[in-house]
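The values are calculated or read from the model by the stated rules, or taken from the named source; none is laboratory data. It should be emphasised that the depicted structure is a prediction, and the values quoted were computed from it without experimental measurement. Cβ placement follows ideal geometry from the backbone for every residue including glycine, while neighbour counts extend to all protein chains displayed. To get the accessible areas, we keep the full protein, side chains included, count just its heavy atoms, and leave off ligands, DNA and RNA. Shrake-Rupley method; radii C 1.70, N 1.55, O 1.52, S 1.80 Å.
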Amino acid sequence: MYQSWPSTGRIVDYQLVITNTTCNPDGHGARLCMLINNQYPGPTITANWGDTLRITVRNQLQHNGTSMHWHGLRQLNSNIEDGANGVTECALAPGDSKVYQFKATEYGSSWYHSHFSNQYGDGVVGTIQINGPATANYDTDLGTYTLTDWYYITAFQAGARAFNGGLGGPPPTGDNILVNGTNKNANGGGAYNKVSIQAGKKYRLRIVNTAIDATFRVSLDNHAFQVIANDFIPIVPYSTNYLQVAIGQRYDVIITANQTASNYWFRADADGNCQSANNGVGRAVWTYQGVTVADPTSAAWSTPPTGCTNFQSTPKIALNVPSAQFQAQAQTLPVGFGPVATNGQNLVLWTINGTSMIVDPGKPTVRYVAEGNTSYPQSYNLIEIPSASTWTYWVIQQAAGAPPIAHPIHLHGHDAFVLGSGAGTFSATNIPSLKFTNPTRRDVAMIPGGGWLVIAYPTDNPGAWLMHCHIAFHVSMGLSVQFLEKKSQINLPAPNSIWYNTCQNWKNYQQNGPKYPQDDSGLKKRWPPVEGTYGEF
């Protein structure tokens, strides 16, 4: 699917309206939310491989910009549809709307979410299902199944606490874990998600981690998972009792209803192996037809996984990575944490390559390219890939002194070929352990706490592309880098097009509407923080 895909001739339309409202997914009590079409999670976007998606996003938030990222979709030659404000587009002002249009050149399971501020943690999130081939047979497709951490304070408040925590304490801990948008709270209110299955049938489940801070350990009591895809990559099926699902990752699994007819717990727990924590546990009830639905008494699988690793799956479509030029071309991206001077202030922030990314939602990188302006601000943390390069290799290394925390690294515009990962500092002695022959591919890969991750990808998609940690608190504190790839071949927005109108509307909003200081990276919340604004949190 990197080289060819069907063309169905079909256009699939969706309308996504974002509004301020309240929600109460676990019965603890209503809190402020930002929802899409007044539901949580937002509607599932369903299409077939080869369809064209045409999605209208209407921003009816009174005091927030927005942009919508279609996570994992390659956006081949459609960089300006990627939805990363400050990189590929201007933020969408309150009252404005925008049409995103792109081809579904991949198939499988994913999600979409706001790439502005901490909005997706307050509900601006939904799932994507692109129907296509599968590497094993099943009877029923149960669709997407979201897992997320949930906070009783808003994501904006949690982000502010995380920033202050970065100055001397831990970030906030989530209050509960939602499974498919619901759960019971600690006092017994709320409701579990319930799934009915029939003995002897095989069910496809599309597991999606939409959290803002937590990696989950996932299982279904007494029922193994046959894994057929990770992210948008079809794989040679394998069986496991547990999955370790980082933020942004997806696993398509087949579950065979071959156990004693009863009620069984579906479990999603914060994975301490990846430094994740939560005050709640994610639970859902799976019940065989003919059995009265009740809280299960089933026990979890023994021997849960240890460590925080990238499982080496085998892609069904075999692709190899050239190894001869690795040593000559591989470059290091150190992930650090420490004082950063920005806007006249010294702040303690996450960094990649020595810089904490801060972008202007009103002056995206694509606009610099369109204007022929190469004076990119240092805080844009932009690396221009040599135009003659056919492959790019990165050693992402936890810097000495950085907190030893695992980071789920998400690459836009490409699948990452995961050549290897490990503890400590990467050196030449690690090169023999790297896998260049049909390595694992996916768009989110984990760098272990205090360790390293080596990835490669072909430079075959012109654009300005982000790579960032998908822990919302970390990306808000600048843990991002962007690549400018084949700049001269980028399909730039046409002069006087709607793309430019969006930028003008954002500029008008900033000049005439409510003005809030930018207190984070511009990708998740804003920057720099204003003293004295956090007492109410």
When Lys and Arg each count +1 and Asp and Glu each count -1, what net charge do the other residues less than 11 Å away from residue 139, Cβ to Cβ, add up to?
-> +2
How big is the Rg/Rh ratio for the range 1-93, C-alpha atoms only, Rh by Kirkwood, two decimals?
-> 1.03
Full-stretch length increase - residue 327, residue 194 - with 0.36 nm per residue and alpha-carbon distance subtracted | 42.7 nm
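Leaving ligands, DNA and RNA out of it, rank 476, 239 by accessible area with a 1.4 Å probe, largest first. Before the final figure, lay out each step's value.
On the way: 476 5, 239 90 Å².
Sorted descending by solvent-accessible area, the residues read 239, 476.
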Using a simple charge model, +1 on the beta-carbon of Lys and Arg, -1 on the beta-carbon of Asp and Glu, nothing else, what dipole does the chain show about its Cα centre, in debye to the nearest 20?
-> 460
Quick one: what are the phi-derived ³J(HN,Hα) couplings along the range 51-60, Karplus 6.51/-1.76/1.60 with θ = phi - 60°, whole Hz, x for glycine and proline?
-> 6, 9, 9, 10, 10, 8, 10, 10, 8, 9
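Could you work out how much longer the chain between residue 238 and residue 261 gets when fully extended? Use 0.36 nm per residue separation minus the Cα distance between them, nm to one decimal.
On the way: separation 23, 0.36 × 23 = 8.28 nm, distance 2.47 nm.
Value of the extension gain: 5.8 nm.
Across all directions of projection, what mean area in square nanometres is found for the Cα convex hull of the range 246-335? Mind showing how you got there, number by number?
Working: hull surface 40.8 nm².
With every direction weighted equally, the projected area is 10.2 nm².
State, to one decimal in nm², a quarter of the convex hull surface area for the C-alpha atoms of the range 323-485, i.e. the direction-averaged projected area. Numbers along the way, then the final one.
Details: hull surface 39.1 nm².
If you wrap the Cα atoms of the range 323-485 in a convex hull and average its projections, you get 9.8 nm².
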For each pair in 98/486; 435/486; 316/486; 103/487; 486/507; 103/486, compute the distance between the two Cα atoms and list the pairs where it is over 24 Å.
-> 98/486; 435/486; 316/486; 486/507
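Please compute the length gained on full extension between residue 390 and residue 318, using 0.36 nm multiplied by the number of residues separating them and subtracting their Cα-Cα distance.
Working: separation 72, 0.36 × 72 = 25.92 nm, distance 1.83 nm.
In short, 24.1 nm is gained.
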What spacing in nm lies between the two simple spin-label points modelled at residue 306 and residue 38, each 7 Å away from Cα in the Cβ direction?
-> 5.2
Total formal charge among the other residues, if their Cβ is under 11 angstrom from that of residue 129, Lys/Arg +1 and Asp/Glu -1 | +1
Can you give the longest stretch of the chain with no exposed loop site, where a site means GluC sites (Glu not before Pro) in a DSSP loop (not H, G, I, E or B) with at most 15 other C-beta atoms within 10 Å?
-> 1-370
Of 155, 235, 428, whose Cα points farthest to the positive end of the dipole of the chain (charges on the beta-carbon: +1 Lys, Arg; -1 Asp, Glu; origin at the Cα centre)?
-> 235
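Taking a temperature of 10 °C and a viscosity of 1.306 mPa s, what whole-number D in µm²/s does Stokes-Einstein yield for the chain with Rh from Kirkwood over alpha carbon pairs? Please list the in-between numbers first.
Values: Rh = 23.4 Å.
The estimated diffusion coefficient comes to 68 µm²/s.
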Is any residue of the range 67-99 close enough, with backbone N under 19 Å, to a label point placed 7 angstrom from the Cα of residue 5 along the Cα-Cβ axis, and if so, which?
-> 68-84, 99
Longest site-free stretch - the chain; sites: trypsin sites (Lys or Arg not before Pro), DSSP loop, at most 13 other Cβ within 10 Å = 11-514
Normalised per residue, the volume of the convex hull around the Cα set of the range 276-403 (Å³) | 307
Roll a 1.4 Å probe over the protein heavy atoms and report the accessible area of residue 125 in Å², nearest 10.
-> 0
